[in-house]
1. Can you give the Rg/Rh ratio of the chain, where Rg is from the C-alpha atoms and Rh is the Kirkwood radius?
2. Taking the beta-carbon count within 10 Å as an exposure proxy, list Arg141, Arg35, Arg12 from fewest neighbours to most.
3. Listing Lys51, Lys85, Lys98 from the residue with the fewest other Cβ atoms within 10 Å to the one with the most, what is the order?
4. How far is helix 54-67 tilted off the main Cα axis of the chain, in degrees rounded to 10, range 0 to 90?
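Read the figures in this text as sums done on the coordinates, not as results from a lab. Quick caveat: nothing in here was measured; it's all calculated off a predicted structure. All Cβ positions, glycine included, derive from the backbone under ideal geometry; neighbour counts span all protein chains shown.
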Amino acid sequence: MKRLTHIGNDGRVQMVDVSGKPLSNRTAVATGKIRLRSETLNLISKDQIAKGNVFVTARIAGIQAAKQTAHIIPLCHTLPLGEIKFDIVISNEGVEVKCTTQTVAQTGVEMEALTGVTVALLTIYDMCKAVDKEMQIFDVRLVEKTKSTVAVCDHRNQTNRRS
């Protein structure tokens with residue numbers, strides 16, 4: 001059975017030491033859905049929700065949340081996020097949100113993608129709660145995670161040429 005990485009040999013909670021790992025290009029994609037009444041979807045599509053543009057606000061909230069993941073989840077590493085992208089699509093039942101995060105780091109960005117998609121969904125909920133008491137957030141999950149080697153440039157053998 002695998003050992004939990006956030007529990008040390010002495011049984012105490014710990015942050016995983018990634019300092020010895022090489023930098024890798026990492027991406028993660030998370031999705032989630034919110035079920036909304038058709039009347040609410042109609043108000044959103046006509047930009048008639050009293051609090052403002054629902055999808056613009058959800059994207060901004062999701063981006064902010066992904067950037068703050070290490071402050072929200074205690075044992076997450078602070079990561080330099082290179083990209084945070086949101087796709088928000090209306091369906092017959094509601095809205096599907098997809099968050100893609102990217103970094104070059106020693107650990108993955110799945111928590112940032114999951115945090116981003118969750119906060120975007122919560123923002124949609126918050127903006128629509130006055131007109132829809134039946135909303136349901138569901139199916140939040142990681143759908144993709146990739147890691148590839150980063151080419152490292154060795155500057156030791158290059159001469160310094162200044163004019």
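1. Rounded to two decimals, Rg/Rh equals 1.12.
2. Going from least to most buried by this count: Arg12, Arg141, Arg35.
3. Placing the least packed residue first, the sequence is Lys51, Lys85, Lys98.
4. It works out to around 30 degrees.
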